[in-house]
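Only one structure is covered here, and it is reproduced in the block below.
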Amino acid sequence: MRKSDSFSGFRLACLLAGVAVLCILLSGCPGSLSNADDVKADFSLTLPSSASSEVLIESHGGFHGDGVTLTRYTFSQEDYDTLVAQAKDGGGWQAVGQDGQLSDILLIDESEGFWAQNLPADGYWMYAGTPVLDSTEEIYSYNFSVLVLDTDAEALYYYALDT
């Protein structure tokens, strides 16, 4: 065996080892979508450029990625007013307190305790995911997202539960 052949084999082995390590590291990483992208994907709602976000809860992790995400968005007054006008026009939004379903949904998983203290009294909400309230079968796994437009707090909440 020539010296150049063994050096080429070593370089190839190092390259393959590097690629393997990179694949392992990337496979454990969460997706690159921000919550704003999740809002758009789940609800076809593009957040305005004035949106600022605060992640209140993020417990997704582990092998399956189960957990809770809760993000609060605030906007410029003009963008907030536009969002409220869209919610009032319908388009999938329901009024808070109309039928009690919002509290039933948000209190399914109270491990984080946020909604018990902060259920909105006024506003609008939208739901996306597997049906949880009208199901006639017992549900063992919840996977859904809820947008809550709290008009008292002038904030939009994105809540996702994956079990």
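The values are calculated or read from the model by the stated rules, or taken from the named source; none is laboratory data. All figures in this text were calculated on a predicted structure; none of them were measured in a lab. Cβ atoms come from the backbone with ideal geometry, glycine included; neighbour counts cover every protein chain shown. Surface accessibility is based on the protein's heavy atoms, side chains included, excluding ligands, DNA and RNA. Shrake-Rupley method; radii C 1.70, N 1.55, O 1.52, S 1.80 Å.
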Go through (1) modelled with pLDDT under 90; (2) open to solvent by 50 Å² or more (accessible area, probe 1.4 Å); (3) more than 20 Å from the chain's Cα centre (by Cα) and name the single condition Ser32 misses. (3)
When you scan the range 86-102, how many residues do you find that are open to solvent by less than 40 Å² (accessible area, probe 1.4 Å) and free of Cβ contacts under 8 Å to residues at least 40 places away in the same chain? 3
Counting only helices (runs of 4 or more DSSP H) entirely within the range 61-163, those with at least 2 residues that are at pLDDT 85 or above are 77-88
Taking only the range 52-69 into account, find how many residues are under 12 Å from Asn35 (Cα atoms) and without any contact (Cβ under 8 Å) to a residue 40 or more places away in the chain. 5
Mind checking whether some residue in the range 78-85 is farther than 22 Å from Lys40 by Cβ and free of Cβ contacts under 8 Å to residues at least 12 places away in the same chain? no
